Amino acid sequence: MSISAQNPDISGERQSGQDVRTQNVMACQAVSNIVKTSLGPVGLDKMLVDDIGDVTITNDGATILRMLEVEHPAAKVLVELAELQDREVGDGTTSVVIVAAELLKRANDLVRNKIHPTSIISGYRLAMREACKYIEEKLVTKVEKLGKAPLINCAKTSMSSKLISGDSDFFANLVVDAVLSVKMTNQRGEIKYPIKGINILKAHGQSAKDSYLLNGYALNTGRAAQGMPLRVSPAKIACLDFNLQKTKMQLGVQVVVNDPRELEKIRQRSILRLEADMTKERIEKLLKAGANVILTTKGIDDMALKYFVEAGAIAVRRVRKEDMRHVAKATGATLVTTFADMEGEETFDPAHLGSADEVVEERIADDDVVLIKGTKTSSAVSLILRGANDYMLDEMERALHDSLCIVKRTLESNTVVAGGGAVESALSVYLEHLATTLGSREQLAIAEFADALLIIPKVLAVNAAKDATELVAKLRAYHHTAQTKADKKHYSSMGLDLVNGTIRNNLEAGVIEPAMSKVKIIQFATEAAITILRIDDMIKLVKEDGQGDE
């Protein structure tokens, strides 16, 4: 029996071993270098122009990476990593990518020095667990002791690198008020802050300082007809997901005609009348159920509008699906997709209506907006942003999204840590000491992990045009003292002051972040680095030409 060749013929290229590792690390470094300069309070912005010429100017790591069309499969892992951090925490997307790329680079050096990837991976895992434990045991401060000030400071820290950092005092107060106003308790008795109930509306004109908080959920559309009232109170709200237009008759409706001369007249009247009557019946059912505000995601034609105007109700058409869901949740309404019930009849149950204290139409800048105030189940607020142009408004929205998420996380987790590279330096000193206590080969991986964390204070200092080497050395000296001398424990919150290029106590200076953000950065970055480090073979298959499909 003949034995087939050892290497089966693969239609594609295969790379294995060190080549792949180096290539993956290079790709991740390239991605990291793109976002590196945007880290920190003096980070620079990026301008991204897409294939149709749309311009985005941003400082947000997740946005930058999402808009880049990354080809390399390992680099794609970092893009997904930034999105995960954005989803889970909302801020820290740039840091997580930089840390992951640095961990990979150092792991690659270790592999070159004949240390097996498995040993590095187990060392990294151990370092990650120890780092998270150390943050939670030694570095966190409980928020209850600090009052409202820490929330504002967290919001300011998150905004410090963004376009609105100059007005961070003003915006931080706005953000904290917005998050506190959507506070609610769920069925399990936990206090939650659903920030999706905060609608952000962008309106051109005036300066950023003219932005304000509106009590009520704002829909970015006006009433469907001028004859409708401007204000309805108290409001009963129907949320619909279908057309209120003349419904086309179904196929198969038969009209039997005896006299051919009447044919045209009958055709004209019966079908159209039936169609109009059906729409009229639907609207009457809505109004009979007590609805005086009708929101629909689809259209309402002029015929139907007439009935609403006569009834003195407000109707709004083409409401965004997302807005509709938030309104339904806030007012206790049910999103109705059809009137048909189990018996095949068309009915509308008044229980589907939501309630609010009032619904009014107001004019903001050049646009009419419909405001839903005093909602029943959870309170809803809207942030109205003003600014010079679209680019600025979009970037303001991204900055506020990050801040809202950070304030929510701070409130829900109740713990904060000092910012400005304090946590990373403390962990680096601690892990370095931990590495020397281990007698196994993981020692080297943990020492590299400790060094890799210093990339954050280094990049912060470089971006601020300060002497990174000197500042990081000073910072480490402080943290070493904090961990070795019992009476100097307060040094553990020493971080960088990037404006003056000195070291200061960032907890007292108000540069703070939620502890959860730091823990997640370390966990996610380590997991991503491990995922890429495990790869030692890459097979790129050749695309087959599709034959026969034209």
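Only residues that are over 18 Å from residue 160 (Cα atoms) and surrounded by fewer than 24 Cβ atoms within 10 Å (Cβ to Cβ) were counted in the range 400-428, giving 5. Residue count for the range 177-193 under the criterion of being open to solvent by 30 Å² or more (accessible area, probe 1.4 Å), under 27 Å from residue 396 (Cβ atoms) and out of contact with any Pro (no Cβ under 8 Å at 6 or more places or on another chain): the result is 5.
Does any residue of the range 111-133 turn out to be free of Cβ contacts under 8 Å to residues at least 60 places away in the same chain and of a type in the set (Gly, Ala, Ser)? No, there is no match, as no residue in the range 111-133 is free of Cβ contacts under 8 Å to residues at least 60 places away in the same chain and of a type in the set (Gly, Ala, Ser).
When you scan the range 48-63, how many residues do you find that are charged (D, E, K, R) and either open to solvent by less than 50 Å² (accessible area, probe 1.4 Å) or within 17 Å of residue 459 (Cβ to Cβ) (or both)? Walk me through it before giving the result.
Taking the range 48-63 first, the residues charged (D, E, K, R) are 50-51, 54, 60.
Cutting the leftovers down to either open to solvent by less than 50 Å² (accessible area, probe 1.4 Å) or within 17 Å of residue 459 (Cβ to Cβ) (or both) gives us 60.
Here the count works out to 1.
Give, as residue ranges, the strands (runs of 3 or more DSSP E) completely inside the range 201-295 that count at least 3 residues that are open to solvent by less than 50 Å² (accessible area, probe 1.4 Å), at pLDDT 80 or above and out of contact with any His (no Cβ under 7 Å at 6 or more places or on another chain).
On the way: elements: 212-215, 217-219, 235-240.
Ranges flagged: 235-240.
Once the range 472-501 is narrowed to residues that are closer than 19 Å to residue 160 by Cβ and open to solvent by 60 Å² or more (accessible area, probe 1.4 Å), the residue that is farthest from the chain's Cα centre (by Cα) is 500. Report yes if residue 145 is over 30 Å from residue 328 (Cα atoms), of a type in the set (Lys, Arg) and at pLDDT 85 or above, otherwise no. When the stated conditions are applied, residue 145 does not pass them. In summary, residue 334 fulfils each of the numbered conditions (1) out of contact with any Gly (no Cβ under 9 Å at 6 or more places or on another chain); (2) within 11 Å of residue 237 (Cβ to Cβ); (3) open to solvent by 10 Å² or more (accessible area, probe 1.4 Å) with the single exception of condition (1). Count of the range 64-78 residues, restricted to those that are within 16 Å of the chain's Cα centre (by Cα) and buried (at least 22 other Cβ atoms within 10 Å of the Cβ), is 2.
For every residue, the table says whether it meets (1) closer than 24 Å to residue 508 by Cβ; (2) in contact with a strand residue (DSSP E or B) (Cβ under 6 Å, 6 or more places away or on another chain); (3) open to solvent by less than 20 Å² (accessible area, probe 1.4 Å); (4) of a type in the set (Lys, Arg).
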{"residue": "98", "(1), (2), (3), (4)": "no, no, yes, no"}
{"residue": "114", "(1), (2), (3), (4)": "no, no, no, yes"}
{"residue": "118", "(1), (2), (3), (4)": "no, no, no, no"}
{"residue": "127", "(1), (2), (3), (4)": "no, no, yes, no"}
{"residue": "149", "(1), (2), (3), (4)": "yes, no, no, no"}
{"residue": "160", "(1), (2), (3), (4)": "yes, no, no, no"}
{"residue": "166", "(1), (2), (3), (4)": "yes, no, no, no"}
{"residue": "175", "(1), (2), (3), (4)": "yes, no, yes, no"}
{"residue": "195", "(1), (2), (3), (4)": "no, no, no, no"}
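Please identify the pairs in which a residue from the range 515-526 that is within 16 Å of residue 103 (Cβ to Cβ) has its Cβ atom under 6 Å from the Cβ atom of a residue that is among the charged types (D, E, K, R) and modelled with pLDDT under 95, counting only partners at least 6 apart or on another chain. The qualifying pairs are 520/88.
Any chance you could count how many residues in the range 431-444 are within 21 Å of residue 479 (Cβ to Cβ) and assigned to a helix (DSSP H, G or I)? Give the derivation first.
Initial filter on the range 431-444 (within 21 Å of residue 479 (Cβ to Cβ)): 431-438, 443.
Now drop any that are not assigned to a helix (DSSP H, G or I), which leaves 431-437, 443.
Residues flagged as within 21 Å of residue 479 (Cβ to Cβ) and assigned to a helix (DSSP H, G or I) within the range 431-444 amount to 8.
Tell me, yes or no, whether the range 387-399 has at least one residue that is within 22 Å of residue 88 (Cβ to Cβ), touching a helix residue (DSSP H, G or I) at 6+ places or on another chain (Cβ under 9 Å), touching a residue at least 60 places away in the same chain (Cβ under 8 Å) and open to solvent by 10 Å² or more (accessible area, probe 1.4 Å). Yes, some residue in the range 387-399 is within 22 Å of residue 88 (Cβ to Cβ), touching a helix residue (DSSP H, G or I) at 6+ places or on another chain (Cβ under 9 Å), touching a residue at least 60 places away in the same chain (Cβ under 8 Å) and open to solvent by 10 Å² or more (accessible area, probe 1.4 Å). Conditions: (1) farther than 24 Å from residue 86 by Cβ; (2) surrounded by 17 or more Cβ atoms within 10 Å (Cβ to Cβ); (3) touching a residue at least 40 places away in the same chain (Cβ under 8 Å). Residue 455 meets all but one. Number of the miss? So residue 455 meets the others, but not (1).
Select, from 468, 447, the only residue that is among the aliphatic types (A, V, I, L, M), in contact with a Lys or Arg (Cβ under 8 Å, 6 or more places away or on another chain), surrounded by fewer than 24 Cβ atoms within 10 Å (Cβ to Cβ) and free of Cβ contacts under 8 Å to residues at least 24 places away in the same chain. I'd like the intermediate steps shown before the answer.
Working: 447 fails: in contact with a Lys or Arg (Cβ under 8 Å, 6 or more places away or on another chain).
Only one candidate qualifies: 468.
Scanning the range 85-120 for residues that are among the charged types (D, E, K, R), in contact with a Lys or Arg (Cβ under 6 Å, 6 or more places away or on another chain) and within 21 Å of residue 457 (Cβ to Cβ) returns no hits.
Yes or no: residue 45 open to solvent by 60 Å² or more (accessible area, probe 1.4 Å), of a type outside the set (S, T, N, Q) and out of contact with any Asp or Glu (no Cβ under 7 Å at 6 or more places or on another chain)?
Details: open to solvent by 60 Å² or more (accessible area, probe 1.4 Å): yes; of a type outside the set (S, T, N, Q): yes; out of contact with any Asp or Glu (no Cβ under 7 Å at 6 or more places or on another chain): yes.
Yes, satisfied.
Pairing each residue of the range 347-374 that is more than 14 Å from residue 333 (Cα to Cα) with any residue that is part of a helix (DSSP H, G or I), provided the two are 6+ apart or on different chains, yields C-beta distances under 8 Å for 347/285.
The values are calculated or read from the model by the stated rules, or taken from the named source; none is laboratory data. Values in this document were obtained by computation on a predicted structure and should not be read as measured data. Here the Cβ is made from the backbone with ideal geometry for all residues, glycine too, and neighbour counts use every protein chain on show. Please note that ligands, DNA and RNA were not included when accessible areas were found on the heavy atoms of the full protein model with its side chains. Shrake-Rupley method; radii C 1.70, N 1.55, O 1.52, S 1.80 Å.
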